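Chemist: Quick one: structure below, then a few questions.
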Amino acid sequence: MARHTPAGMAVAAAAMCLIGAQAAAAQEEGKEAAMAETVQEGRSVGFEYTLKVDGQVVDTSEGRSPLRYVHGQGQLIPGVEQQLSGMQVGDEKQFNVAPAQGYGEVDQAAFVKVPKEQLPQDLALSVGTTLRGTSPEGQPFQARVHEMSGDTVTLDLNHPLAGKTLEFDVTVTDIEAAKAQP
């Protein structure tokens with residue numbers, strides 16, 4: 001029969017505390033590693049995607065490097081960032097993004113009538129023609145010819161995907177700590 005001395009019991013208790021602390025530290029490291037591999041605020045994320053509208057591919061990363069962004073920084077449209085949140089490397093997902101969480105609804109105030117003479121004369125304008133320019137503030141923009149009537153051209157300044165439901169197929173390719181900005 002083994003004898004339990006007070007000193008022996010103290011050593012055993014200390015050893016059990018040490019083992020418990022090591023186990024807790026390992027569990028915490030495991031949680032941190034899992035969090036590092038999960039799309040979350042402040043993580044640099046790479047993902048491949050295909051974007052369809054009405055079943056037609058309008059953009060894809062196929063044949064290119066994965067798209068990279070920092071989660072939570074507003075670098076993507078809100079609906080995509082929300083869907084990527086919590087995904088892990090290798091996860092694949094299909095989802096739709098409503099206009100309100102994508103490029104917005106079509107804004108009727110973004111249709112502007114412009115005298116034809118204010119547009120470059122060397123352009124062969126027709127309905128659907130896309131024009132690119134720079135605003136007075138120096139911001140690039142694009143406009144689509146919506147309508148032509150006599151000496152007036154109606155330009156649509158909405159994003160080309162405004163009012164559209166976006167259909168995404170995504171695969172998370174990597175997740176890492178975001179690099180500090182200079």
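Chemist: Want the number for residue 54 to residue 149: 0.36 nm per residue separation, take away the alpha-carbon distance, what's left?
Modeler: Here the answer is 31.2 nm.
Chemist: Explain nothing, just compute: Karplus ³J(HN,Hα) = 6.51 cos²θ - 1.76 cosθ + 1.60, θ = phi - 60°, for every residue of the range 151-166 in order, whole Hz, x for Gly and Pro.
Modeler: 9, 10, 10, 9, 9, 9, 8, 5, 4, x, 9, 4, x, 9, 7, 9
Chemist: Report, ordered by chain and residue number, the lysines lying within cross-link reach of residue 52, taken as a straight Cα distance under 28 Å and ignoring same-chain residues fewer than 8 apart.
Modeler: Candidates past the 8-residue exclusion: 93, 164.
Chemist: Between residue 112 and residue 174, take the C-beta separation as r, use R0 = 35 Å, and let me know the FRET efficiency to the nearest 0.05.
Modeler: Once rounded, the FRET efficiency stands at 0.25.
Chemist: Give me the net charge of residue 127's neighbourhood, meaning all other residues with Cβ under 13 Å from the Cβ of residue 127; Lys, Arg count +1, Asp, Glu -1.
Modeler: With Lys, Arg at +1 and Asp, Glu at -1, the net is -1.
Chemist: Using 1/(1 + (r/R0)^6) with R0 = 25 angstrom and r between the beta carbons of residue 65 and residue 124, what's the FRET efficiency to the nearest 0.05?
Modeler: According to the calculation, E is roughly 0.10.
Chemist: Defining a contact as two alpha carbons under 8 Å apart and six or more residues distant in sequence, what relative contact order in percent does the range 108-156 show?
Modeler: Once divided by the residue count of the range 108-156, the mean separation gives 43 percent.
Chemist: When Lys and Arg each count +1 and Asp and Glu each count -1, what net charge do the other residues less than 10 Å away from residue 99, Cβ to Cβ, add up to?
Modeler: 0
Each value in this text was obtained by applying a stated rule to the coordinates, not by laboratory testing. All values derive from a computational prediction rather than experimental measurement. Glycine also receives a Cβ, built like all others from the backbone with ideal geometry; neighbour counts cover every protein chain displayed.
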